[in-house]
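Notes follow once the structure below has been shown.
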Amino acid sequence: MKHVVGGLEDPSAEVLADVAAAFGLLASPARLHIMWALSEGESDVSHLANRVGGALPAVSQHLSKLKLAGLVRSRREGRRQVYYLGDPDVVTVVRLMVGQLALRTEGSLVPVGLRQGTSA
């Protein structure tokens, strides 16, 4: 018997396994940072490595895993491989989670216009 709450059925075991795998990939601070950076625009591995403060081979490995999961895609531009988001909905979840936790801790990611004592 399927359980329905708010008009939605419980997800299948397969869907839950896929979601858990995606969350598992995003459990790495480096991969979260890469997703965050890509949410602001396309980038090559060198720029991403500089931005997230990681070694080029490590960032490349993270990108490979994210790409295999369909969270990141890439295309070739000349000799460069340019990476971009494969699933913008996942980034919406990432940005929401990071934003909410930042508000609870340091407030470091609060938009400048929303910080106390500033105006938009």
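Rolling a 1.4 Å probe over the protein heavy atoms gives the stretch 15-55 an accessible area of 52 Å² per residue. Diffusion coefficient (Stokes-Einstein, Kirkwood radius over C-alpha pairs, 20 °C, 1.002 mPa s) for the stretch 1-85: 150 µm²/s, rounded to a whole number. Positive contributions from Lys and Arg (+1) and negative ones from Asp and Glu (-1), summed over other residues with Cβ under 12 Å from the Cβ of residue 22, come out at -1. Determine the share of the stretch 6-65's accessible area contributed by carbon and sulfur atoms, expressed in whole percent, with a 1.4 angstrom probe. Answer for the stretch 6-65 is 60 percent, counting heavy atoms of protein chains only. Summing charges over neighbours of residue 81, with a neighbour being any other residue whose Cβ is under 14 Å away from its Cβ, gives +3 when K and R count +1 and D and E count -1.
The values are calculated or read from the model by the stated rules, or taken from the named source; none is laboratory data. Owing to the predicted nature of the structure, the values given are computational and were not obtained by experimental measurement. Methodologically, a virtual Cβ is constructed for each residue, glycine included, from the backbone with ideal geometry; neighbour enumeration extends over all protein chains shown. Areas reflect the complete protein model, heavy atoms only, side chains present, ligands, DNA and RNA absent. Shrake-Rupley method; radii C 1.70, N 1.55, O 1.52, S 1.80 Å.
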